[in-house]
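S.K.: This is the structure, below, for whatever I ask next.
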Amino acid sequence: MKKLTTVLSLFFIVALSACTVGANYSGPVLTLTSIAVKPANPSIAESSTQQFTATGTYSDATTKDITSSVTWTASDPSVTFSSTTSGLAIATVDGGPFTISADLGSVSGSTTLTV
């Protein structure tokens, strides 16, 4: 009986150790390296909208849609966004090209919009 208790105790110790090691592993740390803004260089009519998307590329070359994670800005106040994270641009006057930027931390991507 004592051997069985010892064996079971060792089994539980090993099992708990394996769980702890697995729980602490977080994998490689990925860094955002670039942002691609699509569509590239669109033209739209005055008082219309354009949906932009942002795709992030990470240090392991994987990509992810980060449209709602970036902050959207335009180089001119005549182009606004429905919210700073929507990617939906609203153009109120003719002109441009205006620079549309998507920023996340220190990484930026951009395209131009002509109205």
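S.K.: Run residue 83 past the list (1) farther than 13 Å from residue 113 by Cα; (2) touching a residue at least 24 places away in the same chain (Cβ under 8 Å) and report the number of the one that doesn't hold.
M.R.: Status for residue 83: all satisfied but (2).
S.K.: Follow-up question, since we're still on this one. Go through segment 45-68 residue by residue and tally those that are surrounded by fewer than 16 Cβ atoms within 10 Å (Cβ to Cβ) and either more than 16 Å from the chain's Cα centre (by Cα) or outside any strand (DSSP E or B) (or both).
M.R.: Qualifying residue count, segment 45-68: 11.
S.K.: Would you say residue 74 is of a type in the set (A, V, I, L, M) and either touching a Gly at 6+ places or on another chain (Cβ under 6 Å) or surrounded by fewer than 17 Cβ atoms within 10 Å (Cβ to Cβ) (or both)? Write out each step before concluding.
M.R.: Numbers: of a type in the set (A, V, I, L, M): yes; either touching a Gly at 6+ places or on another chain (Cβ under 6 Å) or surrounded by fewer than 17 Cβ atoms within 10 Å (Cβ to Cβ) (or both): no.
When the stated conditions are applied, residue 74 does not pass them.
S.K.: Restricting to segment 53-84, count the residues that are of a type outside the set (Ser, Thr, Tyr) and more than 20 Å from residue 106 (Cα to Cα). Let's see the steps before the verdict.
M.R.: First, pick out the residues of segment 53-84 that are of a type outside the set (Ser, Thr, Tyr): 54, 56, 60-61, 64-66, 70, 72, 74, 76-77, 79, 81.
Filter once more, keeping what is more than 20 Å from residue 106 (Cα to Cα): 76-77, 79, 81.
Of the residues in segment 53-84, 4 are of a type outside the set (Ser, Thr, Tyr) and more than 20 Å from residue 106 (Cα to Cα).
S.K.: Still on this structure, please answer the following. Can you find, within segment 25-47, the residue that is nearest to residue 103 (Cα to Cα) among those that are hydroxyl-bearing (Ser, Thr, Tyr) and modelled with pLDDT of 95 or more? First the steps, then the outcome.
M.R.: Here is the first cut: in segment 25-47, the ones hydroxyl-bearing (Ser, Thr, Tyr) are 25-26, 31, 33-34, 43, 47.
Then keep just the ones that are modelled with pLDDT of 95 or more; that gives 31, 33-34, 43.
Working: 31: 14, 33: 12, 34: 10, 43: 22 Å.
Checked segment 25-47; the qualifying residue nearest to residue 103 (Cα to Cα) is 34.
S.K.: Restricting to segment 93-109, name every residue that is hydroxyl-bearing (Ser, Thr, Tyr) and open to solvent by 70 Å² or more (accessible area, probe 1.4 Å). Steps first, answer last, please.
M.R.: Within segment 93-109, the first condition is being hydroxyl-bearing (Ser, Thr, Tyr), and the residues that meet it are 99, 101, 106, 108.
Within segment 93-109, 106, 108 meet the criteria.
S.K.: Restricting to segment 69-110, name every residue that is part of a strand (DSSP E or B), closer than 18 Å to residue 45 by Cα and hydrophobic (A, V, I, L, M, F, W, C).
M.R.: Passing the criteria: 74, 79, 81, 88, 89, 90, 91, 98, 100.
The values are calculated or read from the model by the stated rules, or taken from the named source; none is laboratory data. Treat the numbers as computed from the prediction; the structure is a model and nothing was measured. Quick reminder, even Gly has a Cβ in these numbers, built from the backbone with ideal geometry, and neighbours come from all protein chains shown. These area figures cover heavy atoms from the full protein model, side chains too; ligands, DNA and RNA do not enter into them. Shrake-Rupley method; radii C 1.70, N 1.55, O 1.52, S 1.80 Å.
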